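Taking it in order: structure first as structure tokens, then the write-up.
Nothing in this text is a laboratory measurement; each read-out follows from the coordinates by a stated rule. Not measured: the values here are computed from a predicted model. Don't worry about glycine lacking a Cβ; one is built from the backbone with ideal geometry, like all the others, and counts go over all protein chains shown.
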Amino acid sequence: MNKCKLNKTIIGVLFLILIFIIAQQPVVKAEPTGAKITSSTTDEISLPAASLTTAGGSMTTMVLNITQQNPRWKAYVGNVTGILTLDDGNNYSIYDWSLTSISGEVYASRNASISWSNIACAQTSLIENECSVLNHTVDAEDSINTTFVARVHKTLYVGTTKISNSTCKSIATYINDTAQTSSENALFQEVLLQDGTSFIYATILEQNEGGFNNGLYDFQMIVAEDEFLQTPTTYYFYAEIG
């Protein structure tokens, strides 16, 4: 074998080794990231007491209709802004893309660290455990377990993990003070997920749709609370946009 052929053989072998090394490098996959809250306001209702004046010596039979805030739940609604970027480990950007429309999901969890590669539908055992942690009676009308009783939602992707349509426990929150008809096309869908140990609420993003009070929102979601806590439960918010 002459020197020219030998050099070509060596170069070919080195090229194959380089290809093999590159193929062994981990692939960086997009996954939800922590969301920065830029503004927030909190509202609570306060209904005046009804009054009735009756004469002495009378007896009145009454039917009282009560609308009371549910201390076992709280709601979050709002809009999402963001960019797509290419950053290094120190958050230095080489390029970014502004988005004129937003799609994706907003996530909320009591846990500050989520294993996104293990995402799946929340299983009954974990839902019941979440009920126990937050002092929800499992079979009560307003427990997590009985609130998220349907399995009707559109397909969503969490990072590269596909959550197929109508496989997880889900709800669709109200529009214009009115419950929506159960449908995979409903707006403001919310789905229960888990990463094996962490319990996660996921709501699918809309684009400036009329929400519960006819305001224009990108997301609406409800999360469970423990009514007996002196300090309210902290939730961590994540988002995935595209």
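Miscellaneous remarks
- Crossing angle, helix 3-24 versus the chain [Cα axis fit, 0-90 degrees, rounded to tens]: 10 degrees
- Value at 222 nm in deg cm²/dmol, rounded to 500, when DSSP H runs of n ≥ 4 in the chain each add -39,500 (n - 2.57): -4500 deg cm²/dmol
- Label-to-label distance for N79 and E209 is 1.7 nm, based on points extended 7 Å past Cα in the beta-carbon direction.
- Tensor-based shape of the chain (alpha-carbon gyration tensor, a/c under 1.5 rounded, otherwise prolate or oblate): prolate
- By the count of other C-beta atoms within 10 Å, a proxy for reagent exposure, R72, R110 are ordered fewest to most as R110, R72.
- Neighbourhood net charge (15 Å Cβ-Cβ; Lys/Arg +1, Asp/Glu -1) for N176: -3
- The angle separating the long axis of helix 124-133 from the principal Cα axis of greatest extent in the chain is about 60 degrees.
- Farthest toward positive dipole pole in the chain [+1 Lys/Arg, -1 Asp/Glu at C-beta], among L47, I241, C168: I241
- In Hz, Karplus ³J(HN,Hα) per residue of the stretch 161-175 (6.51, -1.76, 1.60; θ = phi - 60°; x = Gly, Pro): 8, 8, 9, 5, 4, 6, 10, 10, 5, 7, 9, 10, 6, 6, 10
- Largest GNM mean-square fluctuation among S93, S113, S58, using the chain with Cα springs under 10 Å: S58.
- Ranked list, fewest to most other Cβ atoms within 10 Å of each Cβ, for K169, K162: K162, K169
- Per-residue HN-Hα couplings for the stretch 228-240 [Karplus 6.51, -1.76, 1.60; θ = phi - 60°; Hz; x = Gly/Pro]: 9, 6, 6, 10, x, 5, 8, 10, 9, 10, 10, 9, 9
- For L229 and C121, a Förster radius of 25 Å and the Cβ-Cβ distance give a FRET efficiency of 0.35, rounded to the nearest 0.05.
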